[in-house]
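Some notes on the structure that comes next.
The values are calculated or read from the model by the stated rules, or taken from the named source; none is laboratory data. The structure displayed is predicted, hence computed values, not measured ones. No Cβ is skipped: glycine too gets one built from the backbone with ideal geometry, and neighbour counts run over all protein chains shown.
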Amino acid sequence: MPENERYIELEANRFRDHCIALYNSGRYYPRLMFAADLRQSNDCFRIYMVFSEKEKDIFHIPFFDLKENAPVYKSLTPDIPAVHWYEREIRDMFGLIPEGHPDLRRLVFHDSFPSDSYPLRKDWTISRTDLNEWGEGLIKKEAYKFMEVEGEGVHEIPVGPVHAGIIEPGHFRFSTVGETIFFLEPRLFYTHKGIEKHFEGMSFFDGVRLAERVSGTSSFSHSAAYCMAVERMADIEISEKAAAVRTMLLELERLYNHIGDIGNMCAGTGVAIGNTYGAVIKEDLLQFNKRLTGSRYLRGINIIGGVTSDVFLKADDILNTIDAVTVEYKKFMKMLLGTISHIERLENTGKLSKDIALRLGVTGVAARASGINDDIRKAHPHFLYDDLDFEPHTSGKCDVYARMMVRAEEVECSISIINALLENSYNGDLSSSVKTIPAGSSALGYTETPRGSVFYWVMSDSKGMPHRVKLRSPSFCNWPAVPFAVHGEIVPDFPLCNKSFNLSYSGSDM
Amino acid sequence: MEYLQFILIIILSPLINGVIRKLKAQMQGRPGPGLFQSYFDLIRLFKKDMRISNTTSWIFGAAPYILFTSTIVAAMIVPVITTVSPFSVMGDIIAIIYIFALGRFFMALAGLDAGTAFGGEGSSREMTVAILVEPMLMLSIFTAAISAGSTNIAMLASISGPIYTPSHILALSAFIIAIIAETGRIPVDNPDTHLELTMIHEGMVLEYSGKYLALMEWAHYMKQMLLFTLAVDIFFPAGIINNTEPAALAMSFGIYLLKMFSIAFFMAIIESSRAKMRFFQLPSLLEGGFVLAFLSLLTYIMTGR
């Protein structure tokens with residue numbers, strides 16, 4: 001069991017009070033909540049809640065057991081709003097009901113999925129008829145009711161799930177008064193792939209390839225967090241060299257994402273030149289990724305126990321490319337900041353207050369732009385981040401402009417981290433050979449993706465195969481915040497606000 | 001020949017749109033589609049089948065024809081390469097503005113007709129913009145009309161030589177803002193966007209497909225070229241001839257094309273250098289245009305030039 005994870009077993013009725021006490025002390029961030037089916041070994045379900053301490057590198061993980069014949073527990077949502085989606089997800093996946101939850105509609109599954117079917121239970125099966133009907137989506141088995149806003153002049157605009165551009169599916173229902181957005185309800189999970197269930201059907205070693213396909217633009221962060229979780233569980237120490245390679249590639253991933261995202265915001269304001277300029281720099285970086293690792297999205301590098309290729313052999317290429325990108329990037333930012341009409345659109349648009357961001361457990365760029373100084377690289381140092389000198393960038397402005405500027409500052413921070421990494425040399429083998437995974441063990445893995453923190457929690461069964469893999473992507477945390485950011489904005493500004501968060505549908509529809 | 005000059009507008013309008021698209025792509029560092037891409041788009045659309053929502057009424061089917069024919073009627077009144085315009089007895093500049101309004105009215109109705117959210121949004125936004133643009137367009141033209149003593153466009157265009165008085169320059173600025181708004185270009189609308197929620201013109205035609213869409217798009221290209229033509233007729237008439245000799249016509253046609261390409265270049269620069277405005281800030285731009293037009297009229301009345 002890793003040193004910084006403190007598991008605390010509690011009685012079902014004490015769990016809620018304990019969590020609320022931790023939350024109210026203000027010294028902890030609620031990170032994720034999940035369940036595991038332990039009916040074979042312990043004859044119960046187990047629900048975990050992960051808090052991370054703000055000042056120290058410690059995770060507090062209270063958990064409690066729940067019997068199958070009484071699958072009801074007191075909801076935490078009224079006191080800790082950040083867990084509202086987690087509790088609904090656990091309801092959909094395990095059939096454990098949070099009593100007192102203000103919104104018990106289904107979250108993950110859509111209308112044609114059978115009502116009493118809980119896929120993450122170990123004994124889950126689905127009949128051929130149910131499967132076909134689910135695939136066709138014609139028969140509504142449990143109708144989803146959208147929230148309704150009533151009153152004079154309220155107009156409802158349904159958008160999606162099929163959009164005019166080539167993007168992933170998501171449905172947005174706006175209730176507007178004139179052009180002003182009064183209420184927005186997103187309906188996601190159209191591309192739910194059952195990834196957590198998939199993990200259970202393959203070995204921990206094969207799981208790496210699945211992890212890096214959860215969300216295309218965060219492939220490396222996901223596989224790094226997954227490998228880290230398995231390595232911590234199996235007590236494997238990766239070499240300094242492997243840690244350096246992972247740190248380097250995490251920053252390269254951040255670099256191409258942030259520059260691409262800044263460019264993408266220009267599409268929201270119609271600045272086509274900024275949009276293409278950002279896309280060109282991003283493409284340069286992706287081609288560089290391909291030169292460096294053989295994969296544009298840095299896939300196939302992480303394995304359990306280390307990495308497969310030593311990018312430091314191409315240190316000169318890295319140095320030259322990063323220098324060239326830095327020059328281009330500075331020109332790009334100068335152009336953007338000089339386009340007053342663009343900046344004017346960003347300022348005071350899509351404000352997400354610090355209070356709401358904290359309560360919803362927002363992570364990553366969106367949190368830092370709302371003044372929350374939270375970065376997993378700093379809060380829970382891993383790989384080589386402890387030795388590196390950097391500070392998370394925050395902004396108190398809370399608007400789209402702040403989200404752009406936080407990204408811009410992080411680009412510079414990533415460039416300096418990459419340059420600092422290149423100054424030293426690192427020892428050790430690329431990977432240590434790992435044959436077996438200990439049975440009945442569990443651990444957390446985490447890292448900071450370009451969008452925010454990603455967590456993997458893995459648990460092995462009695463044979464050393466995956467019993468439960470919980471994955472929490474940053475998009476899952478941040479989607480509920482988007483409606484708050486666009487409240488009171490006008491409808492044509494929604495795409496801009498949405499792009500400033502740049503959340504992944506695929507990453508949320510796990 | 002003078003009877004047929006409106007055909008130039010029908011035939012060349014997709015080319016002008018292609019030129020703007022090409023120039024914009026070049027400014028973004030992309031090769032962009034060929035100059036004739038707009039023709040290919042229209043041909044492709046004409047060959048396609050149509051999908052028509054069964055919630056629509058006759059308006060949906062009638063709007064493309066009304067829009068297309070009304071734009072052609074407007075094109076007949078406008079002198080393109082010669083001011084000898086036999087159709088000009090049919091109407092003057094005020095008639096043109098209201099012929100445009102007729103097309104716009106039916107397009108907005110058609111946007112509402114299918115009952116979709118985006119069509120309604122587009123129509124509501126289009127009418128908001130139209131209310132602000134029309135007075136500006138009128139006032140800026142009145143300045144030129146008063147100095148020419150007529151609202152007949154052939155008369156306006158016959159005034160030979162440049163007329164760069166302060167009142168005309170003010171009127172021209174207002175007219176340019178009106179053209180940008182009328183043709184749905186940045187900073188008012190974004191013709192290239194795929195973001196349904198931000199659309200104005202595209203929102204209204206979102207339900208259209210196949211031949212109807214082709215007619216709508218073609219009418220939009222023609223309207224754009226007509227507005228450009230009006231701008232050169234009123235503010236840069238130099239080069240337009242008042243007879244129908246073939247050699248002179250050819251010369252005038254060359255000059256006309258040159259003027260069109262210059263305006264296309266100018267539009268491409270504006271579109272590439274600015275962000276789209278926030279929708280609720282549009283009134284300040286359009287009211288600014290109105291003030292310019294009003295000032296131009298005032299200047300003319302007070303200074304007499």
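Which residue is nearest to the other protein chains (Cβ to nearest Cβ), if the candidates are limited to region A:259-276 and must be part of a helix (DSSP H, G or I) and closer than 12 Å to residue A:495 by Cβ? Ranking the candidates gives A:269 first.
For region A:142-195, a residue qualifies if it is touching a residue at least 40 places away in the same chain (Cβ under 8 Å), touching a strand residue (DSSP E or B) at 6+ places or on another chain (Cβ under 6 Å) and among the aliphatic types (A, V, I, L, M), and the qualifying residues are A:157, A:181, A:184. Within region A:480-508, the residues that satisfy the criterion of being more than 14 Å from chain B (Cβ to nearest Cβ), surrounded by 23 or more Cβ atoms within 10 Å (Cβ to Cβ) and in contact with a Leu (Cβ under 6 Å, 6 or more places away or on another chain) are A:485, A:508. Screening residue A:435 with (1) outside any helix (DSSP H, G or I); (2) crowded, with 20+ Cβ neighbours inside 10 Å gives one miss only, at (2). The lone criterion from (1) of a type in the set (D, E, K, R); (2) on the phi > 0 side of the Ramachandran plot; (3) within 14 Å of chain B (Cβ to nearest Cβ) left unmet by residue A:235 is number (3).
Mind checking whether some residue in region A:123-146 is basic (Lys, Arg) and either crowded, with 16+ Cβ neighbours inside 10 Å or within 14 Å of chain B (Cβ to nearest Cβ) (or both)?
Filtering region A:123-146 for residues basic (Lys, Arg) gives A:128, A:140-141, A:145.
Among the residues that remain, those that are also either crowded, with 16+ Cβ neighbours inside 10 Å or within 14 Å of chain B (Cβ to nearest Cβ) (or both) are: A:141.
Yes, region A:123-146 contains at least one residue that is basic (Lys, Arg) and either crowded, with 16+ Cβ neighbours inside 10 Å or within 14 Å of chain B (Cβ to nearest Cβ) (or both).
Among the conditions (1) buried (at least 17 other Cβ atoms within 10 Å of the Cβ); (2) more than 23 Å from the chain's Cα centre (by Cα); (3) away from chain B (no Cβ under 14 Å); (4) not aromatic (Phe, Trp, Tyr), the only one that residue A:290 does not satisfy is (1).
Considering every residue within region A:85-92, establish whether at least one is over 25 Å from residue A:200 (Cα atoms), among the aromatic types (Phe, Trp, Tyr) and not in a loop (DSSP other than H, G, I, E, B). Within region A:85-92 (the criterion being over 25 Å from residue A:200 (Cα atoms), among the aromatic types (Phe, Trp, Tyr) and not in a loop (DSSP other than H, G, I, E, B)), the answer is no, since none of the residues qualifies. For region A:460-479, taking the residues that are in a helix (DSSP H, G or I) and of a type in the set (A, V, I, L, M, F, W, C), the one that is nearest to the other protein chains (Cβ to nearest Cβ) is identified as A:479. Condition check for residue A:316 on (1) more than 14 Å from chain B (Cβ to nearest Cβ); (2) over 30 Å from residue A:428 (Cα atoms); (3) surrounded by fewer than 13 Cβ atoms within 10 Å (Cβ to Cβ): one failure, at (2). Might you check whether a residue that is surrounded by fewer than 22 Cβ atoms within 10 Å (Cβ to Cβ) and under 30 Å from residue A:496 (Cβ atoms) occurs anywhere in region A:222-239? No, region A:222-239 contains no residue that is surrounded by fewer than 22 Cβ atoms within 10 Å (Cβ to Cβ) and under 30 Å from residue A:496 (Cβ atoms). The single condition among (1) part of a helix (DSSP H, G or I); (2) under 18 Å from the mean Cα position of the chain (by Cα); (3) closer than 13 Å to residue B:80 by Cα that residue B:251 does not satisfy is (2). Scanning region A:304-349 for residues that are among the acidic types (Asp, Glu) and either assigned to a loop (DSSP other than H, G, I, E, B) or not assigned by TED's automatic domain parsing to the domain that holds residue A:212 (or both) turns up A:310, A:347.
When region B:253-283 is filtered for residues that are more than 12 Å from every other protein chain (Cβ to nearest Cβ), more than 16 Å from residue B:227 (Cα to Cα) and free of Cβ contacts under 8 Å to residues at least 12 places away in the same chain, only B:254 remains. Here B:69, B:83, B:143 are screened, and the one residue that is away from chain A (no Cβ under 14 Å) and either surrounded by fewer than 17 Cβ atoms within 10 Å (Cβ to Cβ) or under 24 Å from residue A:158 (Cβ atoms) (or both) is B:69.
Here residue A:321 qualifies as away from chain B (no Cβ under 14 Å) and either surrounded by fewer than 15 Cβ atoms within 10 Å (Cβ to Cβ) or more than 30 Å from residue A:399 (Cα to Cα) (or both). For region A:362-408, the set of residues classified as surrounded by 23 or more Cβ atoms within 10 Å (Cβ to Cβ), part of a loop (DSSP other than H, G, I, E, B) and of a type in the set (Gly, Ala, Ser) consists of A:370 only. The sole residue among B:119, B:103 that is within 14 Å of another protein chain (Cβ to nearest Cβ), in contact (Cβ under 8 Å) with a residue 40 or more places away in the chain and crowded, with 20+ Cβ neighbours inside 10 Å is B:119. Quick check, is residue B:95 under 26 Å from residue B:218 (Cα atoms), outside any loop (DSSP other than H, G, I, E, B) and away from chain A (no Cβ under 14 Å)? Against the criterion (under 26 Å from residue B:218 (Cα atoms), outside any loop (DSSP other than H, G, I, E, B) and away from chain A (no Cβ under 14 Å)), residue B:95 qualifies.
Answer with yes or no whether residue A:246 is farther than 30 Å from residue A:337 by Cα, in contact with a strand residue (DSSP E or B) (Cβ under 9 Å, 6 or more places away or on another chain), among the basic types (Lys, Arg) and surrounded by 22 or more Cβ atoms within 10 Å (Cβ to Cβ). So residue A:246 passes the test.
Let's see how each residue does on (1) in contact with a His (Cβ under 9 Å, 6 or more places away or on another chain); (2) among the β-branched types (Val, Ile, Thr):
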position: A:108; (1), (2): yes, yes
position: A:122; (1), (2): yes, no
position: A:127; (1), (2): no, no
position: A:143; (1), (2): no, no
position: A:155; (1), (2): no, no
position: A:166; (1), (2): yes, yes
position: A:190; (1), (2): yes, no
position: A:202; (1), (2): no, no
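With the requirement that a residue be touching a strand residue (DSSP E or B) at 6+ places or on another chain (Cβ under 6 Å) and surrounded by fewer than 20 Cβ atoms within 10 Å (Cβ to Cβ), what does region B:245-278 give you? Passing the criteria: only B:248.
Among the residues of region A:164-178, how many are at the interface with chain B (Cβ under 7 Å from one of its Cβ atoms) and touching an Asp or Glu at 6+ places or on another chain (Cβ under 8 Å)?
Result for region A:164-178: 1.
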